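J.: First, the structure itself, so that you have it in front of you.
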Amino acid sequence: MTDVTYDALVIGSGAAGSFAVKELTAQGLKVLLLEAGPNVGPKDFDPARKKAPASSINIWERARATLKGQPIQARAAFFTERFSHFFVSDRKNPYTTPKNEPFLWIRGRQSGGRLHSFGRVLLRWTDEDFKIRSKTGKGVDWPISYEEIRPYYDEVETYLGLYGNTDDVPTLPDGVYARPASLSPAEETFKRAVEGRWPDRRVVSWRYIAPDAERVPKPLREALTSGNLTVQYDAVVRRITTDETTGRASGAEFIDRSTGALSSVRAAIVVLAASPIESVRLLLNSASVRHPEGLGNSSGVLGRYFMDQLPCLAFGSFSQAKGWAADQSAPTDPFYNPSGGIFIPRFGEADPARGDFDYQGSVGRVPVSEKDDARLSFFGFGRMLPYADNRITLDRRRKDAWNITIPHIRCVMQAEEHALLKKQEQVLTSMIEAVGGDLEFIGSPTGLKEMGKGAFPEASAFGRFMFRTWFKKTMCMGAAIHETGGARMGETPEASVLNPYNQLWDAPNLIVIDASAFPGSGIAGTTLTVMSLTLRACRNLVEQYRRGSFSAR
């Protein structure tokens, strides 16, 4: 492979990488995709793996995964053995955190990345996320606005075929929908109760994509059929190479995951899409004479301002509705559970409880007797501000299974986050109770609070004991799985790693397109914004490449 120079090299095949190869191949570039894990297809989605958990806590599934080498991955809030092969081995992929400041790094290494295990919810951000400093005086503004990214939101949603409804919510812009999404009867009741009591709070359906029956993400599948894409699976990239004269990216060195063989590849442009922590780790591990502190780190900002969203989890029942109902909006899938649920966006400006948080959940979708109260669950997401000392560095004392230096992750809440998370939990609790809900527990990185019957009252005493014991390790920073920052974009090279088009200031033929580019954490899922920024960044890079800005050396 060392004798071939590609137009573009893409590292990672998840939400960002799959859209990158789609765009680059469609524009006629010869592209090499390096994926650290194996190729996956229909064989990896065996319906026989779809089994009901032994209990709602699924303690034994988590225990088995832990024994098999996934003690971190098994702590994901909604972990299930069905997806265990879509999560990494923690034994082979270690990382470190400060003592008493845990961070859950939930990750997948295979074609499609975490697209096989995420909730498939795609939500737009607003200028309350992009221009937070202008609106609140906190954090930092993005160098782009909602209006600049809106056409790319439109394009991605149209391409993927989004399920959703026109809701006309100022704090959650409507998207382009191919099909409507439904609420359960219990959710309709919940919606009427909340919106009737608080005019500036809205309860809307999820905006989501259905599972892909072909099991290969659509953009990756399209790129594969273009004739312009070469894929090297099981290719663990250890460093990005650079030209000693220009300082620009020239390709990459990678290790065969199975054999340990080292190879290298050359490309005129490089697209880094490995997920926030991994992309930063790779840039830091790509130090050279021209880039002594890491590739793209002349400002000293690389790795800094790392964030996740503030997580909280609540379970209970809703006495105003009985039983449950299946959602028929999307086709039934033999491997995945039905999609759908409710989303409560950031409240309107007139609501006195308004804050930078939102809630995703469901009511009346869990099977129970028609005489029983409907079950409810919510996961809250809150904004985290960027702090310079929340950062990804290298722990040079340890290596992974391929002898690559591992990352050290620090993501610690400050007083601002503690106050916001307290409000986030209090508002959710009071809102649910006011409309006839009965919470059994609510918890976050600040701890677990049980009420009423307590957490999972139908579970065994041992299961409940283990849930309480593990909760602090499960609901800590990282649990939202919406990590951002570390290679943020900005207006100047002195205060950022990337320019407003995701190009490395220090090597402009390299773009970083995953959420490490984000200057702020936002409060909704990151995936739609990642996909949209990828199209924007790739088109800008190709335009420069065609003008001759980056010639292969």
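J.: Just one of (1) under 30 Å from Arg248 (Cα atoms); (2) surrounded by fewer than 23 Cβ atoms within 10 Å (Cβ to Cβ) trips up Asn337, so point out which.
T.: It fails just one condition, (1).
J.: Being of a type in the set (S, T, N, Q) and touching an Asp or Glu at 6+ places or on another chain (Cβ under 9 Å) is the filter; apply it to region 172-205 and report the residue that is nearest to Thr126 (Cα to Cα).
T.: The residue in question is Ser205.
J.: Further question: Please go through region 9-38 and give me each residue that is of a type in the set (Gly, Ala, Ser), buried (at least 24 other Cβ atoms within 10 Å of the Cβ) and under 12 Å from Leu535 (Cα atoms), ordered by number.
T.: Residues satisfying the conditions are Ala15, Ala16, Gly17, Ser18, Ala20.
J.: Restricting attention to region 378-417, which residues are surrounded by 20 or more Cβ atoms within 10 Å (Cβ to Cβ) and either among the small types (Gly, Ala, Ser) or at pLDDT below 95 (or both)?
T.: Across region 378-417, the qualifying residues are Gly380, Gly382.
Each row is one residue, and each column tells you yes or no for (1) free of Cβ contacts under 8 Å to residues at least 60 places away in the same chain; (2) touching a helix residue (DSSP H, G or I) at 6+ places or on another chain (Cβ under 6 Å); (3) farther than 30 Å from Phe190 by Cβ.
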site	(1), (2), (3)
Arg397	yes, no, yes
Cys411	no, no, yes
Gln414	yes, no, yes
His418	yes, no, no
Leu421	no, no, no
Val427	no, no, no
Met431	no, no, no
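J.: Yes or no: region 529-548 includes at least one residue that is farther than 30 Å from Gly361 by Cα, at pLDDT below 95 and part of a loop (DSSP other than H, G, I, E, B).
T.: Among the residues of region 529-548, at least one is farther than 30 Å from Gly361 by Cα, at pLDDT below 95 and part of a loop (DSSP other than H, G, I, E, B), which makes the answer yes.
J.: Which condition does Arg202 not pass, out of (1) under 20 Å from Ala434 (Cα atoms); (2) without any contact (Cβ under 8 Å) to a residue 40 or more places away in the chain; (3) among the charged types (D, E, K, R), if it passes all the others?
T.: (2)
J.: Applying the selection to region 206-225, what residues are more than 23 Å from the chain's Cα centre (by Cα) and either surrounded by 16 or more Cβ atoms within 10 Å (Cβ to Cβ) or on the phi > 0 side of the Ramachandran plot (or both)?
T.: Within region 206-225, Leu224 is the sole residue that qualifies.
J.: On to the next question. Which ones in region 270-283 are out of contact with any Ser or Thr (no Cβ under 7 Å at 6 or more places or on another chain) and either within 20 Å of Glu23 (Cα to Cα) or surrounded by fewer than 23 Cβ atoms within 10 Å (Cβ to Cβ) (or both)?
T.: Val270, Val271, Ala273, Ala274, Ser275
J.: Sticking with this structure for a sec: Which of the residues spanning region 436-470 are under 24 Å from the mean Cα position of the chain (by Cα) and surrounded by 19 or more Cβ atoms within 10 Å (Cβ to Cβ)?
T.: Ile442, Gly443, Ser444, Pro445
J.: Can you report the number of residues in region 285-306 which are of a type in the set (A, V, I, L, M) and either assigned by TED's automatic domain parsing to the domain that holds Lys423 or surrounded by fewer than 24 Cβ atoms within 10 Å (Cβ to Cβ) (or both)?
T.: 3
The values are calculated or read from the model by the stated rules, or taken from the named source; none is laboratory data. Every value quoted in this text rests on a predicted model; they were computed, and no experiment measured them. Note that each Cβ is placed from the backbone with ideal geometry, even for glycine, and that neighbours are counted across all protein chains shown.
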